[in-house]
């Protein structure tokens, strides 16, 4: 398996990058990494998603595009060469095995991603992690939907959750999550490969974590709600600040109570409770 990486150089970077990422999300791109000159969008080559520059011209900004195919071996090499530890305030350090142990953090997670995403560098992952530290996970049953490298599932376990399940549709991500769970000595976490239909065989959860793009969230939130206990919390991220109201409407129609939101740059997360 390999990924296509679409490297966008955007001038000016904002709001051009946000506008382009919104269009790419509609096309099926589900992972974005921002930088000072624009961003990179990733898509699995098996997904029928293609961006055609001639169909997207804008008056307010200009952009250039370079497309790269990333194989498994290249992904690992590039990641190891460029990865730096991620710090979430004083709460969490996310590092690789080749980094020294950090001091002064409440929790530490060690990851080595394969062909999967979720290293903690993205704003949405940090937003989710921060929100988790504000809630009680002790003895709770937790779902990490679209688990990627397993960071959120591992953090839930470290925060005291008694029963954690991670689900990802991508085989590399599921395998990588299992390896990272083992590295962090979270051997009780169950990782499944599949989509939201895997919830049919699961008993209800107390916390549901979903850091996925807006279109998938809109489609799958009703099934998340069915898998939640009364008073369970639903954490949503993976979308832009401009998408908040649209997702609030979806959740309100399902009887979810909006508790709070948080933002980092153009990205957002929201927390809801099932009544």
Checklist (1) in contact with a helix residue (DSSP H, G or I) (Cβ under 7 Å, 6 or more places away or on another chain); (2) assigned to a loop (DSSP other than H, G, I, E, B) applied to residue 100, failing item: (1)
Within the range 219-249, tally of residues that are closer than 22 Å to residue 15 by Cβ, in a helix (DSSP H, G or I) and touching a helix residue (DSSP H, G or I) at 6+ places or on another chain (Cβ under 8 Å): 4
Strands (runs of 3 or more DSSP E) wholly inside the range 12-72 containing at least 2 residues that are within 18 Å of residue 216 (Cα to Cα): 31-35, 38-44
Of residues in the range 184-213 being assigned to a loop (DSSP other than H, G, I, E, B) and touching a residue at least 60 places away in the same chain (Cβ under 8 Å), the one nearest to residue 240 (Cα to Cα): 213
Residue in the range 247-256 that is at pLDDT below 95 and either farther than 15 Å from residue 210 by Cβ or surrounded by 14 or more Cβ atoms within 10 Å (Cβ to Cβ) (or both) present: no
Test: residue in the range 121-142 that is modelled with pLDDT under 90 and under 19 Å from residue 217 (Cα atoms): yes
Which numbered condition residue 192 misses (of (1) touching a helix residue (DSSP H, G or I) at 6+ places or on another chain (Cβ under 8 Å); (2) crowded, with 23+ Cβ neighbours inside 10 Å; (3) under 22 Å from residue 158 (Cβ atoms)): (2)
Subset of the range 132-170 (residues that are in contact (Cβ under 8 Å) with a residue 60 or more places away in the chain and either surrounded by fewer than 22 Cβ atoms within 10 Å (Cβ to Cβ) or part of a strand (DSSP E or B) (or both)): 135, 137, 140, 141, 142, 143, 144, 145, 170
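The values are calculated or read from the model by the stated rules, or taken from the named source; none is laboratory data. Worth saying up front: this structure is predicted, and the values here are computed from it rather than measured. FYI the Cβ positions are ideal-geometry reconstructions off the backbone, even for glycines, and counts take in every protein chain you see.
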